[in-house]
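Single-structure report; data block below.
Each reported figure results from applying straightforward, stated rules to the coordinates on display, with no laboratory input. Predicted, not measured: the structure shown is a model, and the values here were computed from it. We place every Cβ from the backbone using ideal geometry, glycine too, and count neighbours over all the protein chains shown.
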Amino acid sequence: MDDFNKKDLPKYTIILMLGIASIILSFSLWGWLSLFGLICALITLVLVRNSMIEYRKDPDSYSEKSLKFIIIGKRCAYVGLILSFIIFLIVIVILS
């Protein structure tokens, strides 16, 4: 079966958008907004986990495009998680 007849994984666009948002929010002008980047990254990782569970049930019925988007969103979430955590720690150290 080609990708045209396959369905997309659930919430793959939300996963990608939240992953990118976690990176963008980690570089905010106000250090406290990096906390929102941290939250976005954690939500993204939970959604990725749920989508991958769904994918493993029947991998042949889902499109390759949506799987790639989920993988990219997961990588963005990890980058955003690390950056947000580092920047949040820096803000706490500077303010204390």
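Here is how the numbers come out for the structure above:
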{"read-out": "Subset of the stretch 60-74 (residues that are part of a helix (DSSP H, G or I) and surrounded by 12 or more Cβ atoms within 10 Å (Cβ to Cβ))", "value": "Ser61, Lys65, Ser66, Leu67, Lys68, Phe69, Ile70, Ile71, Ile72, Gly73, Lys74"}
{"read-out": "Options Ser28, Ser22, Ser51; residue that is small (Gly, Ala, Ser) and not in a helix (DSSP H, G or I)", "value": "Ser28"}
{"read-out": "Conditions (1) touching a helix residue (DSSP H, G or I) at 6+ places or on another chain (Cβ under 8 Å); (2) surrounded by fewer than 18 Cβ atoms within 10 Å (Cβ to Cβ): number failed by Ile53", "value": "(1)"}
{"read-out": "Considering residues of the stretch 75-96 that are small (Gly, Ala, Ser) and crowded, with 19+ Cβ neighbours inside 10 Å only, the residue farthest from Ile14 (Cα to Cα)", "value": "Ser84"}
